[in-house]
Amino acid sequence: MSLPFVAVLMGSDSDLPVMESTLDVLKTLAIPFEVRITSAHRTPEATAFYVKETDKRGCGVFIAAAGLAAHLAGAVAANTLKPVIGVPMAGGPLNGMDALLSTVQMPGGVPVACVAIGKAGAKNAAYLAAQILSLSDKNLAKRVAADRQAMAQSILDKANSL
């Protein structure tokens, strides 16, 4: 049996530089993933097909990044019962606030977890996905705990060097 993987979806290739933070964390924690550019508005059928097909192949968590109207996470959540994490992208006249509100304002019964706008959110989406997957994977839970300890040690080392 293969391990569950994370599907990382982006509404546009312009989201990739920010979403590299997600991919870096997933790589560090040795979590399998795949990446897809798809749009809730421009390719709705392809998006729904990909989510359903990926769900059947063993995806454990979906991460969806989008800006402006940011309906990608909701479109994903409408097609799966797996956890969906939305990453609002900065940009446009509201600098990501529209994306944040679009991502977080899901109707009752179709949840989307929402992280911060931009790079910090992209990083936290990967950590949240890791924590979700670690509920059923003790080895991953150990890697997540070790990574958290390494972050803490880095802060302590910097504090001690002052």
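Regarding Ile37, is this residue in contact with a helix residue (DSSP H, G or I) (Cβ under 8 Å, 6 or more places away or on another chain), open to solvent by 10 Å² or more (accessible area, probe 1.4 Å) and of a type in the set (Val, Ile, Thr)? Spelling it out, Ile37 is indeed in contact with a helix residue (DSSP H, G or I) (Cβ under 8 Å, 6 or more places away or on another chain), open to solvent by 10 Å² or more (accessible area, probe 1.4 Å) and of a type in the set (Val, Ile, Thr). When we screen Ser2, Ser21 for residues that are in contact (Cβ under 8 Å) with a residue 24 or more places away in the chain and open to solvent by 20 Å² or more (accessible area, probe 1.4 Å), the only hit is Ser2.
Of all residues in segment 127-152, those satisfying the criterion of being open to solvent by 80 Å² or more (accessible area, probe 1.4 Å) and of a type outside the set (Lys, Arg) are Leu135, Ser136, Asn139, Gln149. Taken over segment 5-18, the criterion of being outside any loop (DSSP other than H, G, I, E, B) and buried (at least 19 other Cβ atoms within 10 Å of the Cβ) is satisfied by Phe5, Val6, Ala7, Val8, Leu9, Met10, Asp15, Val18. Can you spot a residue in segment 126-134 that is more than 23 Å from Leu16 (Cβ to Cβ), among the hydroxyl-bearing types (Ser, Thr, Tyr) and touching a helix residue (DSSP H, G or I) at 6+ places or on another chain (Cβ under 6 Å)? Within segment 126-134, one or more residues are more than 23 Å from Leu16 (Cβ to Cβ), among the hydroxyl-bearing types (Ser, Thr, Tyr) and touching a helix residue (DSSP H, G or I) at 6+ places or on another chain (Cβ under 6 Å).
Only one residue in Gly67, Gly60 is closer than 16 Å to Ser134 by Cβ and open to solvent by less than 50 Å² (accessible area, probe 1.4 Å). Which one? Break it down into steps so the answer makes sense when it comes.
Values: Gly67 fails: closer than 16 Å to Ser134 by Cβ.
The unique qualifying residue is Gly60.
The values are calculated or read from the model by the stated rules, or taken from the named source; none is laboratory data. Note that the structure is predicted; figures quoted are calculated from it, not measured. A quick note on method: Cβ atoms are made from the backbone with ideal geometry, for glycine too, and the neighbour counts reach across all protein chains shown. When the accessible area is computed, the model is the full protein with side chains, heavy atoms only, and any ligands, DNA or RNA have been set aside. Shrake-Rupley method; radii C 1.70, N 1.55, O 1.52, S 1.80 Å.
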